[in-house]
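Heads up: the structure comes next, in structure tokens.
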Amino acid sequence: MLAAALSYVARRIPVFPLHSSDGSGGCSCGKRDCVSAAKHPLTRHCFHDATTDPEQVTAWWTRWPNANIGMPTGAASGVDVLDVDVQHGGMGTLQRLEHEHGKLPPTVEVLTPQGGRHLHLRHVGRALKSGAGDIGPGLDTRGAGGYALLPPSVGAN
């Protein structure tokens with residue numbers, strides 16, 4: 001994970017450590033009822049701690065070698081994320097919107113553990129609010145005030 005985190009830093013993408021899977025489907029935080037298993041921050045200030053400093057990144061992943069990798073979204077990273085949640089109809093919503101407004105441009109796409117997709121879109125200078133279902137069922141946004149997991153992070157499920 002350290003090598004992956006440093007590869008993002010080398011591309012000037014700020015990162016921060018997140019809890020990881022405990023290996024049995026739970027979260028490394030140890031809470032049985034963790035509502036954000038393997039997705040919540042290990043640092044005190046969450047995505048506000050994100051950095052491109054290789055020494056800080058090395059220190060974090062030396063302390064937490066299995067930590068997942070988080071990236072702040074919005075202006076902090078230059079990336080907004082459209083989260084297509086297939087379990088809540090996101091694919092259908094996305095197809096309908098693309099039919100009405102045209103296809104999204106080619107972009108980086110990350111597959112999620114539940115079969116969804118994170119579409120990484122260039123931040124265009126306007127603040128995109130992070131939210132769930134604001135633009136349609138099953139489509140969540142990660143922009144200002146949000147963050148996303150980066151590969152090779154592994155979810156708890």
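The values are calculated or read from the model by the stated rules, or taken from the named source; none is laboratory data. For clarity, every value in this text was computed on a predicted model and none was experimentally measured. Every residue, glycine among them, receives a Cβ derived from its backbone with ideal geometry; neighbour counts consider all protein chains shown. The accessibility values were calculated without ligands, DNA or RNA, using every heavy atom of the protein model including side chains. Shrake-Rupley method; radii C 1.70, N 1.55, O 1.52, S 1.80 Å.
Please verify whether Val35 is within 21 Å of Gly146 (Cα to Cα) and modelled with pLDDT of 95 or more, treating the condition exactly as stated. When the stated conditions are applied, Val35 does not pass them. Output yes when any residue across the stretch 91-105 is of a type in the set (Gly, Ala, Ser) and within 21 Å of Cys27 (Cβ to Cβ), and no when none is. No, the conditions are met nowhere in the stretch 91-105. Condition check for Arg32 on (1) in contact with a Gly (Cβ under 9 Å, 6 or more places away or on another chain); (2) part of a loop (DSSP other than H, G, I, E, B); (3) touching a residue at least 40 places away in the same chain (Cβ under 8 Å): one failure, at (3). The set of residues in the stretch 1-29 that are open to solvent by 50 Å² or more (accessible area, probe 1.4 Å), polar (S, T, N, Q) and free of Cβ contacts under 8 Å to residues at least 24 places away in the same chain contains only Ser24.
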